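Peer 1: Below you'll find the structure I mean.
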Amino acid sequence: MFKLAWRNLWRNRRRTALALVMVAAGFSFLVLYYAFILGYLVNLQNNLVEAFTGDLQVQHREYLELKPLEHLLARPETLRLQALETPGVRAASGRLLLQGLVSTADFWQNLVLVGIVPEEEREVSSWARHVRPGRFPEKGERRWILLPPKTARRLKVRVGDRVVVMTQARDGTIEARNFHVAGLLRAAGLDQGVAVLHRRDLEHLAHLPPRISALYLRTRPGVTPSEVRQRLEQRLPDSLQVRTWQERYPYFQKILTLSRIGGLLYLSILLLAVALGVLNILYMNVAERYREFGVMMAIGLKPRYLRGMVLLESLYLTTLGILLGALLTLGVWLLWSRYGLNLAAFSQGMEFLGLETRVYPAMDALGVVGSLGLVYLFGLLAGLYPAWRASRLRPVEALRIVR
Amino acid sequence: MALVEVRNLTKVYRVGRVETPAVQGVTFEVREGEFTALAGPSGSGKTTLLNLIGGLDIPTAGEVTVAGVHLNRLSLNQLADFRLWNLGFVFQTYNLIEVLTALENVEFPLLLQGVSARERRRRAQEALEQVGLGEFLHRRPQELSGGQQQRVAVARALVTRPRLVLADEPTANLDTETGLRLIHLMERLNRDLGVTFLFSTHDPKVIEAAHRVIRLRDGRIVEDTARSS
């Protein structure tokens, strides 16, 4: 029966070849498109982690963004060193986040003021690479501010200009000081509502001793953020909370998961078109053999075996198509992973946001199982109708068909 | 004892509101080992009658019993099984499976019976040798002449050692000489193996070769004559 189904497949070589190309192209497209989505998301995730979230964040348990002056972390340097001594931690940077106002003679804007130490931040985020025009300050420089391009435009300031930064100090007074614009910061995830300055300057402005809102950490390659989190929790006091970036920003994780599933759903609609093509071919293959099916049934072939045989043909076709598609995919994959796919030409916004514009293919279990599952599902669905039609034939009716 | 019993068998085809009776109240018996021809002009109901006896079609009224089994009472799957184990078919247009070789075509019913590969091959080869095609085992149908294809079909019908072979106009697509050779082959197999043959034909020369002739006209039996062989 296996041999028979196999040979039936090759009765009309051109037709089968066409179906194979369709399945192969469908499978290959599915895998590569998924790899693109995933590659894009990995890229996006890396960018977000680099530019915004870090791998891990340490905060006071009671800390609330709405009350930025309460529950700050004291002795940031000690805490940072403690974190750096923890195996798996590659870099750490303390940031102090306060509400404030940046103004010129004519314009002003509310912002979140982010106080950093440049030499710490250089190791943790990609900010130092994304200052354009202007430059990221060196160690020891003070009284500078980095503004997002949109904010700079709104305030009508350029690199080198002076702005006034105001914030409410711990004692309730309002403090203001001059800062010069060192550069425009174009990092992903940082919107126009953020300005970056030296932490000491910000502490000074807010009448604070050394304090940070959170310690941002990067992990070493090969360890997962959650492994490092466990080690940190053992070392740090109970009042501190360590969270991975996924825990800190669960909606990012949700967006990433939804995008993957959404990608597969979208692709399954495309596959439906491929399946209809294969259905047509299989159906033609079956329709021209009704008489032969009549003979087989007259000899004693049971309808369910006939159904099985036609389904087997579709299974062969799908498997062969997948193998062919896998070869095609492999070729494209090798080239793609070597050279990457530069999206800069299609999306200037990515570069503007500070995103890496070269996307490399990526794959995960969902992608492999999903692609194989979908192609087999649609392949078998395409075989189901012809198989059902064949098995419903009455021998005498099938025999009456004259070719 | 009767191998085939046909009682008041009627088959009416309906196309829309038009009813066409193909077989009308036919009753006869075929005994084990007979070599019987169903004769008559086209449209006389020969093929329909063979289809009903073979369980390929369902009668409108009446009963068919083959080897003691009432075919009317079997489901489609049971009918398929019954045909597999008790009947052999030879069709007018050979109806071999074109992607299989002569040997594989003959093996096919044995495959359905679940016979082992080695035994299948041995019996199929033997059947093809019996019909004089020992040299053509690995040819595909399109590489064989009409007469050779029909002999493959006979070998396929006989390989399961059925009790009854039903042949529908087996010589109709063959020239007179090839047709007669085929009928003599069937007659020899009937004599040597004791297989019962019931075949339809409208060819006078083939009718002459039959041991018993049942003549049909308009779906009714008009004559039933036995001859000494």
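Peer 1: Please name the residues of the stretch B:75-109 whose accessible area, counted over protein heavy atoms with a 1.4 angstrom probe, falls by no less than 40 Å² between the chain alone and the full protein assembly.
Peer 2: B:76, B:77, B:80, B:83, B:91, B:95, B:97, B:98, B:99, B:104, B:108
Peer 1: Mind checking how much accessible area B and A bury in total, 1.4 Å probe, in Å² rounded to 100?
Peer 2: Values: alone 11100 and 20560 Å², together 29400 Å².
Separately minus together, B and A give about 2300 Å² buried.
Peer 1: I've got another one for you. Take the alpha carbon atoms of the stretch B:1-51, find their center, do the same for the stretch A:26-65, and report the distance between the two centers in whole angstrom.
Peer 2: Between the Cα centres of the stretch B:1-51 and the stretch A:26-65 lies a distance of 77 Å.
Peer 1: Treat every Asp and Glu Cβ in the stretch B:2-226 as -1 and every Lys and Arg Cβ as +1, leave all other atoms uncharged, and give the resulting dipole magnitude about the Cα centre to the nearest 20 debye.
Peer 2: My answer is approximately 360 debye.
Peer 1: Which far-off residues, 5 or more places away or on another chain, put their amide H under 5 Å from the one on residue B:69, with H placed in the peptide plane?
Peer 2: For residue B:69, whose amide H was placed from the backbone, there are no distant partners under 5 Å.
Peer 1: A follow-up question, please. If I model a spin label at residue B:218 and residue A:323 as a point 7 Å from the Cα along the Cα→Cβ vector, what separation in nanometres do I get?
Peer 2: 6.3 nm
Peer 1: At residue B:143 and residue A:74, where each label point lies 7 Å from the Cα along Cα→Cβ, what is the point-to-point distance in nanometres?
Peer 2: A separation of 9.6 nm, rounded to one decimal place.
Peer 1: May I ask you to give the solvent-accessible area per residue for the stretch A:215-372, in square angstrom, as obtained with a 1.4 angstrom probe? Don't skip to the answer; put the middle values down first.
Peer 2: Details: 8000 Å² over 158 residues.
I get 51 Å² per residue for this part.
Peer 1: Using unit Cβ charges (K, R positive; D, E negative) and no other charged atoms, how large, in debye to the nearest 20, is the dipole of chain A about its Cα centre?
Peer 2: Working: 52 positive and 31 negative charges, 399 e Å.
Its charge dipole is roughly 1920 debye.
Peer 1: Additional query: Work from the charge dipole of the stretch A:186-323 (Cβ charges, +1 for Lys and Arg, -1 for Asp and Glu, about the Cα centre) and give the residue of A:197, A:279, A:242 farthest towards its positive end.
Peer 2: A:242
Peer 1: Sticking with this structure for a sec: Residue A:270 to residue A:110: FRET efficiency via 1/(1 + (r/R0)^6), r the Cβ-Cβ distance, R0 56 Å, to the nearest 0.05?
Peer 2: On the way: r = 46 Å, r/R0 = 0.82.
Rounded to the nearest 0.05, the efficiency is 0.75.
Peer 1: Turning to a different aspect of this structure: If I take every Cα pair under 8 Å that is 6 or more residues apart in the stretch A:62-238, average their sequence separation and divide by the length, what percent do I get for the relative contact order? Before the final figure, lay out each step's value.
Peer 2: Values: 362 pairs, mean separation 55.6, N = 177.
Dividing the mean separation by the residue count of the stretch A:62-238 yields 31 percent.
Peer 1: Shifting gears a bit: To the nearest 0.05, what FRET efficiency results for residue A:3 and residue B:119 with a Förster distance of 22 Å applied to their C-beta separation? Write down the numbers at each step before the final one.
Peer 2: On the way: r = 17 Å, r/R0 = 0.78.
After rounding to 0.05, the efficiency reads 0.80.
Peer 1: Over the Cα atoms, compute the radius of gyration (one decimal) and Dmax (the largest Cα-Cα distance, rounded to a whole number) for the stretch A:62-238, in Å.
Peer 2: For the stretch A:62-238, the Cα radius of gyration and maximum Cα-Cα distance read 16.5, 52 Å.
Peer 1: Give the shape of the protein assembly as shown as rounded, prolate or oblate, defined through the alpha-carbon gyration tensor: a ≥ b ≥ c are the square roots of its eigenvalues, a/c under 1.5 means rounded, and otherwise the shape is prolate if a/b is larger than b/c and oblate if not.
Peer 2: Details: a/c = 4.31, a/b = 4.24, b/c = 1.02.
Prolate is the answer for the protein assembly as shown, as a/c is 1.5 or above and a/b outweighs b/c.
Peer 1: Per residue, how much accessible surface does the stretch A:77-136 expose to a 1.4 Å probe? Answer in Å², no decimals.
Peer 2: 42 Å²
Peer 1: Could I ask something else about it? Scan chain A and note any complete DSSP helix (H) whose C-alpha atoms cover at least 27 Å along its axis and whose Kyte-Doolittle average is -1.0 or more.
Peer 2: Span-like helices, by this rule, are A:13-48, A:250-287, A:303-339, A:365-392.
Peer 1: Just report the Cα centroid separation between the stretch A:245-299 and the stretch A:83-119, whole Å.
Peer 2: Going from one Cα centre to the other spans 50 Å.
Peer 1: If amide H atoms are built 1.01 Å from N in the plane of the peptide, which residues on other chains or at least 5 residues away come under 5 Å of the amide H of residue A:169?
Peer 2: Here the answer is A:174, A:175, since their amide H atoms fall under 5 Å of that of residue A:169.
Peer 1: Compute the relative contact order of chain A as a whole-number percentage, counting only Cα pairs closer than 8 Å that sit 6 or more residues apart in sequence. Walk me through the intermediate numbers first.
Peer 2: On the way: 696 pairs, mean separation 107.6, N = 403.
Relative contact order comes out at 27 percent.
Peer 1: What shape does the stretch B:2-226 have by the C-alpha gyration tensor, where a ≥ b ≥ c are the square roots of the eigenvalues, rounded means a/c under 1.5, and otherwise prolate means a/b greater than b/c and oblate the rest? Present the calculation step by step, with values, prior to reporting the outcome.
Peer 2: Working: a/c = 1.74, a/b = 1.43, b/c = 1.22.
Judged from the Cα gyration tensor, the stretch B:2-226 comes out prolate (a/c at least 1.5, a/b above b/c).
Peer 1: Given R₀ = 30 Å, what would the calculated FRET efficiency be for residue B:135 paired with residue B:191, taking r from the Cβ atoms and rounding to 0.05? It would help to have the intermediate numbers written out before the result.
Peer 2: Numbers: r = 24 Å, r/R0 = 0.81.
Working from the Cβ atoms, E equals 0.80.
Peer 1: What part of the accessible area of the protein assembly as shown, given as a whole %, is carbon or sulfur when the probe is 1.4 angstrom? Provide the component values of the computation, followed by the final result.
Peer 2: Numbers: 16060 of 29400 Å².
Solvent-exposed carbon and sulfur of the protein assembly as shown make up 55 percent of the total.
The values are calculated or read from the model by the stated rules, or taken from the named source; none is laboratory data. All values reported here derive from a predicted model rather than from experimental measurement. Glycine also receives a Cβ, built like all others from the backbone with ideal geometry; neighbour counts cover every protein chain displayed. Accessible surface is based on the protein model in full, side chains and every heavy atom, while ligands, DNA and RNA are left aside. Shrake-Rupley method; radii C 1.70, N 1.55, O 1.52, S 1.80 Å.
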